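This report concerns only the one structure given below.
Derivation of every value follows stated rules applied to the coordinates shown; laboratory data play no part. The structure presented is a predicted model; accordingly, all values stated were derived computationally and were not measured. Here the Cβ positions follow ideal geometry from the backbone for every residue, glycine too, while neighbour counts run over all protein chains shown.
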Amino acid sequence: MAALSPKRTEYRKAVQELHKVTPLAGHLGVVLDQVGPGQVTVHMDVRAEYGQQHGYVHAGIMATLADIACGLAAYSLMAEGETVLSVNMNLSLLRPAKGGCITADARVVSAGRRLYFTEAVLFDENRSAEEPLARAAIVMTSAPRQGSDRDEDSGRRGRSV
C-alpha cells in the first residue's frame, strides 16, 4: 500500500487543534497520544457513568471513541479549510470492556478525493492484538469548514468531528 501524504505541512498541529475544540472528546476525557499521516492513537479512562446495565462500557461510548480516533486520522490528511464528517460506521464489539483505560488505534486505509476509509482497533490496558475489545470501519468525508472560503463558495455547511 502506498504511503498516505498529508495535504498540509502542519498536519499534527491541525489535528491537535481540532481535538482540543471537539466538545465531546473533552467531555469524555479523550487524550490524543500519537499523530502520524493518516494515523492516530487516543485513549480515555473509563468512568462509572460510561457503563450500561450490566456494568460493561456502553457500546455508544466505544463507538464514540472509535469515531473520534478515525475522524482525527482522516483529518490529518485533509487540506486547510476542510473539516471531517462521519458518513458510515460499522462497529464490531468483540468482547466486553469492563473499565480502566481504553485505547483506540486508528488509521486511514484508503483516501480518495473526498472519502476516507478508516479503521480503528480498541484495546484495554493489556493491548493484546489477539484480544481487541472492538474493531470499527468508518467512512469519513471532507467538507468545507464553517466560515472558510470554501464554505461560502459552495453553500455547504461543515461540522467537525
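Could we say that GLU130 is over 17 Å from TYR11 (Cα atoms), surrounded by fewer than 16 Cβ atoms within 10 Å (Cβ to Cβ), touching a Cys at 6+ places or on another chain (Cβ under 7 Å) and not aromatic (Phe, Trp, Tyr) here?
Details: over 17 Å from TYR11 (Cα atoms): yes; surrounded by fewer than 16 Cβ atoms within 10 Å (Cβ to Cβ): yes; touching a Cys at 6+ places or on another chain (Cβ under 7 Å): no; not aromatic (Phe, Trp, Tyr): yes.
The answer is no for GLU130.
For residues that are part of a strand (DSSP E or B) and among the β-branched types (Val, Ile, Thr), scanning just segment 68-100, find the one that is surrounded by the most Cβ atoms within 10 Å (Cβ to Cβ). Per the criteria, the residue is VAL84.
Is it true that some residue in segment 109-120 is under 19 Å from LEU28 (Cα atoms) and in a strand (DSSP E or B)?
Yes; the residues of segment 109-120 include at least one that is under 19 Å from LEU28 (Cα atoms) and in a strand (DSSP E or B).
Residues of segment 21-61 that are over 15 Å from VAL84 (Cβ atoms), of a type in the set (A, V, I, L, M, F, W, C) and part of a strand (DSSP E or B): VAL31, MET44, VAL57.
Residues of segment 38-80 that are of a type in the set (Asp, Glu) and free of Cβ contacts under 8 Å to residues at least 12 places away in the same chain: GLU49 alone.
Among the candidates VAL46, VAL35, VAL42, single out the residue that is buried (at least 16 other Cβ atoms within 10 Å of the Cβ) and touching a Phe, Trp or Tyr at 6+ places or on another chain (Cβ under 8 Å).
Details: VAL46 fails: touching a Phe, Trp or Tyr at 6+ places or on another chain (Cβ under 8 Å); VAL42 fails: touching a Phe, Trp or Tyr at 6+ places or on another chain (Cβ under 8 Å).
Within the list VAL46, VAL35, VAL42, the selection yields VAL35.
In segment 118-127, which residues are surrounded by fewer than 23 Cβ atoms within 10 Å (Cβ to Cβ), of a type outside the set (Val, Ile, Thr) and under 20 Å from GLY60 (Cα atoms)? Show your work before the answer.
Step one: list which residues in segment 118-127 are surrounded by fewer than 23 Cβ atoms within 10 Å (Cβ to Cβ), which gives 119, 121, 123-127.
Add one more test, that the residue is of a type outside the set (Val, Ile, Thr), and what stays is 119, 123-127.
Listed by number, the residues that qualify are GLU119, PHE123, ASP124, GLU125.
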